[in-house]
Amino acid sequence: PSEAAGDLAALAELDEAALLGGLRERFLRQQVYTDVGDILIAMNPFQPLPLYGREVSEQYRHHETGTLPPHIFAVASRAYHAMLGRRGSGPQSQCIVI
C-alpha cells in the first residue's frame, strides 16, 4: 500500500507509473485529494462525498501537517497561517494556483 500513500513524494520512486498508480488507488478508495510534496492533486469523484462540512473544516483549521489526509482545507490553513506569520518565520506572501 505505499501506492495509497497520502503524499506520493514519500515513495521510493516517483515516476509516471507510480504517480498514476497511486492516484488510481486513492481514487478507488474515494480519497480524491493526494499530496505530492507541496502540491495537492484533486480528482473529480463524480459523486457527492462528505468532504466539505463544518466538521471537516474544523478538523483542518489547526492541524499539524501530515496528521490528517490531504485536503483543500489543509492547503488553505497552511497558506493562511503562513500569511499571518504563525509558522515562526514572519508573514509570507502566498499563492495558490487552481
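The values are calculated or read from the model by the stated rules, or taken from the named source; none is laboratory data. As the structure is a prediction and not an experimental result, all values here were calculated from the model. Virtual Cβ from ideal backbone geometry, glycine too; neighbours counted across all protein chains shown. Just so you know, the surface numbers come from the protein's heavy atoms only, side chains and all, with ligands and any DNA or RNA stripped out. Shrake-Rupley method; radii C 1.70, N 1.55, O 1.52, S 1.80 Å.
May I ask you to list the residues in the range 18-38 that are surrounded by 13 or more Cβ atoms within 10 Å (Cβ to Cβ) and within 28 Å of Arg86 (Cα to Cα)? Listed by number, the residues that qualify are Tyr33, Thr34, Asp35, Val36. Residues that are more than 14 Å from Tyr52 (Cβ to Cβ), free of Cβ contacts under 8 Å to residues at least 40 places away in the same chain and in a loop (DSSP other than H, G, I, E, B) within the range 63-83 comprise His63, Glu64, Thr65, Thr67, Leu68, listed in sequence order. Residues that are surrounded by 12 or more Cβ atoms within 10 Å (Cβ to Cβ) and not in a loop (DSSP other than H, G, I, E, B) within the range 44-62 comprise Val56, Ser57, Gln59, Tyr60, Arg61, listed in sequence order. Of everything in the range 68-98 that is modelled with pLDDT of 85 or more and hydroxyl-bearing (Ser, Thr, Tyr), the residue that is farthest from the chain's Cα centre (by Cα) is Ser93. The selection criterion, being in a strand (DSSP E or B) and either hydrophobic (A, V, I, L, M, F, W, C) or within 21 Å of Ile98 (Cβ to Cβ) (or both), does not hold for Leu14. Scanning the range 84-98 for residues that are open to solvent by less than 100 Å² (accessible area, probe 1.4 Å) and part of a loop (DSSP other than H, G, I, E, B) yields a total of 7.
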